[in-house]
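Laboratory data are not the source of any read-out in this text; all were calculated from the coordinates shown. Note that the coordinates shown come from a computational prediction; the quantities given were computed from them, not determined experimentally. Note that each Cβ is placed from the backbone with ideal geometry, even for glycine, and that neighbours are counted across all protein chains shown.
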Ligand SMILES: [Zn+2]
């Protein structure tokens, strides 16, 4: 019988238990400081100008005047626009967020974002989030590289919306990887920013696509599902669609509806 070995094993176990208790204790301290991870509204915009009379998808256009009115409404009601990165850091690292955080996101990369969305946001020191389709850097009506750099200079986050805006679930694995990892690589090389988040084109995804997004190194992905973004499903973050017909009143009603479910 080796009692001393049994004794030291028991001591080692006790020490391990103490360590575990210490680490459990410190985890709950962090949670207490940060509070419960907050679900956050992520607004979804596309074009910030009036559509031509024959333009398809007119609801994707919000006039510059309505957009400015919506930003004024956010300011008056105490909202603080932040990046998705700031939201992620709050959810996963307990980094504090300002009161009433909100993400203002723009899909595809329309030139009107630089002309009509940047000025009223920059004036308030607010960052936006641009979900950029790489090919839109080379089409008329799309943002130029210089304009994207101007957004970055104003604190904006650049996220990927693929290279060519395809229907992701219908792609084969190789093409899917090229659209996901390839767009991230190109945007990082072009602009020297992290590109840690992704936005599904047309809101189209399935389990295979979401797994590929994760494999490409993204920390999360936004959808076109309506609602508050919630940390439990980082690759299926919901958003709040802002449509042309909302105006300022409809916009306010949508946000107030989210605040009191
Ligand atoms: Zn899109």
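Of note:
- Total residues in the range 227-245, condition surrounded by 18 or more Cβ atoms within 10 Å (Cβ to Cβ) and part of a helix (DSSP H, G or I): 1
- Taken over the range 208-236, the criterion of being within 21 Å of residue 37 (Cβ to Cβ) and in contact (Cβ under 8 Å) with a residue 40 or more places away in the chain is satisfied by 218, 219, 220, 222, 228, 229, 230, 231, 234.
- Pairs with Cβ under 7 Å, 6+ apart, first in the range 196-207 and within 13 Å of residue 42 (Cβ to Cβ), second outside any strand (DSSP E or B) and near the ligand (Cβ under 10 Å from one of its atoms): 199/161
- Members of the range 155-177 found to be surrounded by fewer than 16 Cβ atoms within 10 Å (Cβ to Cβ) and more than 16 Å from the ligand (Cβ to nearest atom), listed by number: 155, 172, 173, 174, 175, 177
- Which numbered condition residue 121 fails, given (1) in contact with a strand residue (DSSP E or B) (Cβ under 9 Å, 6 or more places away or on another chain); (2) closer than 21 Å to residue 194 by Cα; (3) more than 16 Å from the ligand (Cβ to nearest atom): (2)
- The residues of the range 41-60 that are within 15 Å of the ligand (Cβ to nearest atom) and surrounded by 11 or more Cβ atoms within 10 Å (Cβ to Cβ), listed by number, are 42, 43, 44, 45, 46, 47, 48, 59, 60.
- Residue that is farthest from residue 183 (Cα to Cα), among those in the range 91-128 that are under 13 Å from the mean Cα position of the chain (by Cα) and without any contact (Cβ under 8 Å) to a residue 60 or more places away in the chain: 127
- Residue in the range 202-217 that is farthest from residue 162 (Cα to Cα), counting only those that are touching a strand residue (DSSP E or B) at 6+ places or on another chain (Cβ under 8 Å) and away from the ligand (no atom under 16 Å from the Cβ): 210
- When 180, 255 are screened for being away from the ligand (no atom under 16 Å from the Cβ) and either buried (at least 16 other Cβ atoms within 10 Å of the Cβ) or assigned to a loop (DSSP other than H, G, I, E, B) (or both), only 255 passes.
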